[in-house]
Amino acid sequence: MAKTRRHKRAIESYIAVIILVIVTLAIGVALYTYFNGLVAHNQVNTGLEITSVSLSAPSGGTTGYLSITVQNTGSLAFNSINIYFGGSSVTTSCSPAPPSSLAPGNSFSTVCSVTATAGNEYAVYVSASTSTGSSVSSSVVNVIAQG
């Protein structure tokens with residue numbers, strides 16, 4: 001009795017190459033997505049935001065009062081917080097004094113004595129150093145002195 005041999009056909013070599021390329025690309029995309037998300041998650045965010053500001057000043061142009069609230073919207077603590085009014089630091093005239101450290105998510109409010117005239121506009125911003133030593137500043141906010 002003669003045995004008949006059945007020939008099992010393997011996949012063609014070009015189909016095998018296409019399958020290997022697709023699998024390699026899928027693994028590459030998965031690794032890229034994973035590591036890209038991992039790096040984005042570990043990035044440091046520094047944010048210092050003036051959440052409210054007001055300025056009251058007499059019409060004679062003597063001592064006015066700058067009320068300001070600042071929030072740390074970043075992921076690092078801030079040190080050496082300075083408040084600037086009209087280009088000059090007014091930190092030493094604030095009560096209560098800005099905290100020596102501001103943790104992420106926390107905010108503080110203070111009132112600073114400044115020289116201002118009712119009706120004039122003044123630039124206000126806040127700067128600080130991070131716990132890693134870099135500097136960060138808030139956006140400049142223009143405030144009009146109210147009499």
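The values are calculated or read from the model by the stated rules, or taken from the named source; none is laboratory data. What you are looking at is a predicted structure, and each value in this text was computed from that prediction instead of being measured. Cβ atoms come from the backbone with ideal geometry, glycine included; neighbour counts cover every protein chain shown.
Data table
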item: Extreme residue, modelled with the lowest pLDDT, among residues of the stretch 108-147 that are part of a loop (DSSP other than H, G, I, E, B) and among the β-branched types (V, I, T); result: T132
item: Test: residue in the stretch 134-141 that is surrounded by fewer than 18 Cβ atoms within 10 Å (Cβ to Cβ), in contact (Cβ under 8 Å) with a residue 60 or more places away in the chain and among the aliphatic types (A, V, I, L, M); result: yes
item: S129, sole failed condition from (1) loosely packed, with under 14 Cβ neighbours inside 10 Å; (2) over 13 Å from G47 (Cβ atoms); (3) of a type in the set (G, A, S); result: (1)
item: T46 vs. criteria among the β-branched types (V, I, T), surrounded by 14 or more Cβ atoms within 10 Å (Cβ to Cβ), assigned to a loop (DSSP other than H, G, I, E, B) and modelled with pLDDT of 85 or more; result: no
item: Enumeration of residues in the stretch 60-92 that are among the hydrophobic types (A, V, I, L, M, F, W, C), over 23 Å from the mean Cα position of the chain (by Cα) and either assigned to a loop (DSSP other than H, G, I, E, B) or modelled with pLDDT under 90 (or both); result: V90
item: Search result, residues across the stretch 49-59 that are among the small types (G, A, S) and modelled with pLDDT of 90 or more; result: S52, S54, S56
item: Residue, surrounded by the fewest Cβ atoms within 10 Å (Cβ to Cβ), within the stretch 98-126, restricted to residues that are more than 19 Å from T51 (Cα to Cα) and not polar (S, T, N, Q); result: G119
item: Test: residue in the stretch 7-29 that is modelled with pLDDT under 85 and polar (S, T, N, Q); result: yes
